[in-house]
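S.K.: First, the structure itself, so that you have it in front of you.
The values are calculated or read from the model by the stated rules, or taken from the named source; none is laboratory data. Bear in mind the structure is a predicted one, so any value in this text is a computation, not a measurement. So basically every Cβ, Gly included, is an ideal-geometry build from the backbone, and we count neighbours across all protein chains shown.
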Amino acid sequence: MTENEEKLIHKFINKTLTESEWKSFLKWLEKPENKKQFNTYVRADYYVHLSNQDNDKDSKYLKIAEALKTPEAKVRKLWDNPIRVAAASVILLVGFTFLGYYLNKDSVSSIKVVKTTIEQGTDGATLTLDDGTEVNLKKGSSYKNQYLKSNGEELVYVAKEDHEEIDYNYITVKRGKQFTIALSDGTKIWLNSDSKIKYTTSFVSGQQRLVELIYGEAYFDVSPAKELNGDDGFTVIHKHQSVSVLGTEFNIKAYSDEQKVFTTLVEGSVEVMTGNMQSILVPNHQSVVDTKNDGIDIRRADVLSETAWKKGLFMFKNKDLSNIVVTLSRWYDVDIEIENKSLKEIEFKGTLSKNQPLEEILNLIKNTKYINSYEIKENKVVIR
């Protein structure tokens, strides 16, 4: 699919095609392979969304959508392809490649380690029940009550038969942790380090399913709307935006110490709203909301890189060192300082497993010869 074809589809979804673009779009759809490509690119949930949102039932957009609708249309997950998985395993052996400028390659490298090992993060979270009770969920322990159970690595809710009263739970994932939640409707949520989420323990028929990402990063695999499931779609809210979906997979990154909120669509369609602005995303695209002015920008996204954390990987593509250490700090629950300010903008690329001690990653960076040394003392790392 060409960039221009993607642009036409995106403008069709947002109903912003000009007359000339509309003609080009219709001409493009005349070919059966293009129709199939369109239905692969945009999942069936969008048609339901358009039917619900479009007040003009004679709308040319709605007519085209209905004509093209194929229930089985679904975007293939990126990691379903075994060749891609094998390729990713090979990438792990590549390590880091320096992309920036030359920095004192002949200097003597040294490492001063006061604390032997800073271990990688693990599964774990704090569950806050509706009555304020806090439950520590950690690997190797279990917890359950009448409507939920946890093995310390995942929290699973079951649907209540009688749920007129709405109860809210919170999950807080600290630095150095990650966690997974399966909601009562079948929706699955992966939470990255330093994240917090609020949600209802069950959903009421006819009411919208609502989840709040208070801060941090979460990946959502949303169960399609159905009876006893909240029938009216699914919305993830954050203080700077809301994302409305029907059944789809997407990632939201909204850390409190970052100025921007990133929503990356893997498959399906979502509507991102902030202030007076809104836009519908198509797969492999990302919205970027500026928290200072609630401005929104849409751009293509590297989905593999943006969601690598969920698969247990760090994937850095042309990332400068200052951004890399922020990511490492959250997973290893340490403070990392770059003492030599000139190192901050050096860019690296590489894919690494999150399941290894911090020293192994620091040594890979050091072996590029662009940092002289690093020092570990208790829970602080200084890079020089």
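S.K.: In contact with a strand residue (DSSP E or B) (Cβ under 8 Å, 6 or more places away or on another chain), of a type in the set (Gly, Ala, Ser) and buried (at least 22 other Cβ atoms within 10 Å of the Cβ), is that true of Ala254?
M.R.: The answer is yes for Ala254.
S.K.: Follow-up. Can you name every residue in region 290-314 that is in a loop (DSSP other than H, G, I, E, B) and closer than 14 Å to Phe220 by Cα?
M.R.: Across region 290-314, the qualifying residue is only Thr307.
For (1) modelled with pLDDT under 90; (2) buried (at least 17 other Cβ atoms within 10 Å of the Cβ); (3) not small (Gly, Ala, Ser), each residue gets a yes or a no:
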| residue | (1), (2), (3) |
| --- | --- |
| Glu134 | no, no, yes |
| Val158 | yes, no, yes |
| Asp162 | yes, no, yes |
| Ser202 | yes, yes, no |
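S.K.: From the set of residues in region 330-345 that are within 25 Å of the chain's Cα centre (by Cα) and among the hydrophobic types (A, V, I, L, M, F, W, C), which is nearest to Ser373 (Cα to Cα)?
M.R.: Only one residue tops the list, namely Ile336.
S.K.: When you go through Asn151, Asn192 one by one, which is the residue that is crowded, with 22+ Cβ neighbours inside 10 Å and at negative phi?
M.R.: Details: Asn151 fails: crowded, with 22+ Cβ neighbours inside 10 Å.
Of the residues listed, the single one that is crowded, with 22+ Cβ neighbours inside 10 Å and at negative phi is Asn192.
S.K.: Moving on to the next point. In region 258-276, which residues are in contact (Cβ under 8 Å) with a residue 40 or more places away in the chain, touching an Asp or Glu at 6+ places or on another chain (Cβ under 9 Å) and of a type outside the set (Phe, Trp, Tyr)? It would help to see each step written out before you state the result.
M.R.: In the first step, residues of region 258-276 are kept if they are in contact (Cβ under 8 Å) with a residue 40 or more places away in the chain; the result is 262, 264, 266-269, 271.
Now narrow it down to the ones that are touching an Asp or Glu at 6+ places or on another chain (Cβ under 9 Å): 262, 264, 266-269.
Selection gives Thr264, Val266, Glu267, Gly268, Ser269.
S.K.: When you check Lys319 against the structure, is it among the charged types (D, E, K, R), free of Cβ contacts under 8 Å to residues at least 40 places away in the same chain, under 24 Å from Gln178 (Cα atoms) and surrounded by fewer than 18 Cβ atoms within 10 Å (Cβ to Cβ), yes or no?
M.R.: Details: among the charged types (D, E, K, R): yes; free of Cβ contacts under 8 Å to residues at least 40 places away in the same chain: yes; under 24 Å from Gln178 (Cα atoms): yes; surrounded by fewer than 18 Cβ atoms within 10 Å (Cβ to Cβ): no.
Considered against the rule, which asks whether it is among the charged types (D, E, K, R), free of Cβ contacts under 8 Å to residues at least 40 places away in the same chain, under 24 Å from Gln178 (Cα atoms) and surrounded by fewer than 18 Cβ atoms within 10 Å (Cβ to Cβ), Lys319 comes out as no.
S.K.: Among the residues of region 318-331, are any in a strand (DSSP E or B), in contact with a Lys or Arg (Cβ under 9 Å, 6 or more places away or on another chain) and either closer than 22 Å to Ser193 by Cβ or among the β-branched types (Val, Ile, Thr) (or both)?
M.R.: Taking region 318-331 first, the residues in a strand (DSSP E or B) are 318-320.
Remaining after also requiring in contact with a Lys or Arg (Cβ under 9 Å, 6 or more places away or on another chain): 318-320.
Retained after the next criterion (residues that are either closer than 22 Å to Ser193 by Cβ or among the β-branched types (Val, Ile, Thr) (or both)): 319-320.
Within region 318-331, one or more residues are in a strand (DSSP E or B), in contact with a Lys or Arg (Cβ under 9 Å, 6 or more places away or on another chain) and either closer than 22 Å to Ser193 by Cβ or among the β-branched types (Val, Ile, Thr) (or both).
S.K.: Could I ask something else about it? Kindly evaluate Arg209 against the criterion of being outside the structural domain of Tyr332 (by TED's automatic domain parsing), at pLDDT 95 or above and among the charged types (D, E, K, R).
M.R.: Numbers: outside the structural domain of Tyr332 (by TED's automatic domain parsing): yes; at pLDDT 95 or above: no; among the charged types (D, E, K, R): yes.
Answer is no for this residue.
S.K.: Failed condition for Ser353, given (1) touching a residue at least 40 places away in the same chain (Cβ under 8 Å); (2) over 15 Å from Phe316 (Cβ atoms); (3) surrounded by fewer than 17 Cβ atoms within 10 Å (Cβ to Cβ), with all others met?
M.R.: Among (1) touching a residue at least 40 places away in the same chain (Cβ under 8 Å); (2) over 15 Å from Phe316 (Cβ atoms); (3) surrounded by fewer than 17 Cβ atoms within 10 Å (Cβ to Cβ), Ser353 violates only (2).
S.K.: Same structure, new question: Please go through region 325-350 and give me each residue that is in contact with a Phe, Trp or Tyr (Cβ under 7 Å, 6 or more places away or on another chain) and closer than 15 Å to Trp309 by Cβ, ordered by number.
M.R.: Answer for region 325-350, where residues must be in contact with a Phe, Trp or Tyr (Cβ under 7 Å, 6 or more places away or on another chain) and closer than 15 Å to Trp309 by Cβ: Thr327, Gly350.
S.K.: Shifting gears a bit: What are the pairs, 6+ residues apart or on separate chains, where a residue within region 165-176 that is not assigned by TED's automatic domain parsing to the domain that holds Thr200 and surrounded by fewer than 20 Cβ atoms within 10 Å (Cβ to Cβ) has its Cβ under 8 Å from a residue that is modelled with pLDDT of 95 or more and among the charged types (D, E, K, R)?
M.R.: Filtered contacts from region 165-176: no entries.
S.K.: Can you tell me which residues in region 268-295 are crowded, with 23+ Cβ neighbours inside 10 Å and within 12 Å of the chain's Cα centre (by Cα)?
M.R.: Residue satisfying the conditions is Ser287 alone.
S.K.: Looking only at region 17-32, filter to residues that are closer than 22 Å to Ile280 by Cβ and part of a loop (DSSP other than H, G, I, E, B); which one of those is modelled with the highest pLDDT?
M.R.: Among those that are closer than 22 Å to Ile280 by Cβ and part of a loop (DSSP other than H, G, I, E, B), it is Thr18.
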